[in-house]
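Encoded as structure tokens, the structure appears first; notes follow it.
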Amino acid sequence: MLLILRSKKKLSEKAGKFNEKLSSHLKRAGINFSFSSFEDIEIFIETSKINLFIDGKPLENWKTIYPRKVGKYRILAFILADLSKKNKLFFIDRFLENSSSTTKIVQMFKFAQNKIPIPKTYYTTTYSRKQLSSAVKFLGFPVVIKKCNTSQGSGVYLAKNISELNKSIKALLKSKDNGSIFLQEFIPNDFEYRIFVTGNKIGAAEKKIRTNKNEFRNNVHLGAKEEFIEIASVKKNILNLALKASCISNIQVSGVDIVEANGRIVVFEANSCPGLTLDEKISPELNSLAKYLEECEKK
């Protein structure tokens, strides 16, 4: 039986539509499934004994578990992933076996180790005046400032000079995410590719095109236009980079953001919970996801 988990019991309108549409696909495929949330998980811990229940049912009740969204329950998801592995359940995504493996700065480190092209990246925990001087010398202006655990373009800022950089860093270090930021070189571009990966396959490809001239981010959430394109129209090396980035991040369902500009191809990140377009007249994402979940359940 397949279990699909979300971070909250109370669903947004879009989340409700997602459940409805995915349910239709899975029912047509004859898959036995249920939905639940991290809020319905209970863990009972004794010496040498741990029992985990979801909706009052033991973990072993399921064969495949897909956490659609983790949110603030990352530690709980890590425990669930670890216990799933020990019980030989198929857990999507395996990146949760390491609760920090999709933190953006950790991704950059792994990508660099595996020769995946990324923007120049600078990271420290204190950001002293001397350190910022070294960062600017390494990156140049403008500088992109990123929080380590954000999505949909939030927590991403642009500093055009040292005054703006100092101001932004000072404000961020006073926030609850003290030290959880890193700096990157700015890569000028007109759009970015979003490559949707399911397992070891490309499920969809689109261009995210900015519509606001005053915005430097290509996020749909911030007004960028989506243009879904034929997978075959995207260069093979870009598609291969998306697959490799997902594999290195140990993510089975991901949205990989890639830019090609001025003769460079650069991977921005592999998103572990990519936002999906629910209009199936223009997007093949839901169909691709449903097929992948079906394959996982039937293994």
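Readers should treat all values here as calculations from the given coordinates under stated rules, not as data from a laboratory. Predicted model, so just to flag it, every value in this text is computed and none were measured. Cβ placement follows ideal geometry from the backbone for every residue including glycine, while neighbour counts extend to all protein chains displayed.
Key figures
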quantity	calculated
Residue pairs, from the table LYS49/LYS69; LYS27/LYS291; LYS17/LYS281; LYS236/LYS299; LYS21/LYS208, whose Cα atoms sit over 21 Å apart	LYS49/LYS69; LYS236/LYS299; LYS21/LYS208
Protection proxy ranking of 200-206, 30-36 - average other beta-carbon atoms within 10 Å, highest first	200-206, 30-36
Estimated translational D of the range 190-299 in µm²/s (Stokes, Kirkwood radius over Cα pairs; 10 °C; 1.306 mPa s)	111
Ellipticity estimate at 222 nm from DSSP helix runs (n ≥ 4, -39,500 (n - 2.57)) divided over the chain, nearest 500	-9500 deg cm²/dmol
For the chain, size of Cβ-based charge dipole, Lys and Arg +1, Asp and Glu -1, in debye	660
Inter-site label distance for ASN166 and LYS85 at 7 Å from Cα along Cβ, in nm	4.6
When the convex hull of its Cα atoms is projected in every direction, mean area for the range 1-100 (nm²)	6.6
Dimensionless Rg/Rh of the chain - Kirkwood Rh, Rg from C-alpha atoms	0.98
Lysines with Cα under 30 Å of LYS130, excluding same-chain neighbours fewer than 8 positions away	LYS104, LYS110, LYS115, LYS120, LYS146, LYS147, LYS160, LYS167, LYS170, LYS174, LYS176
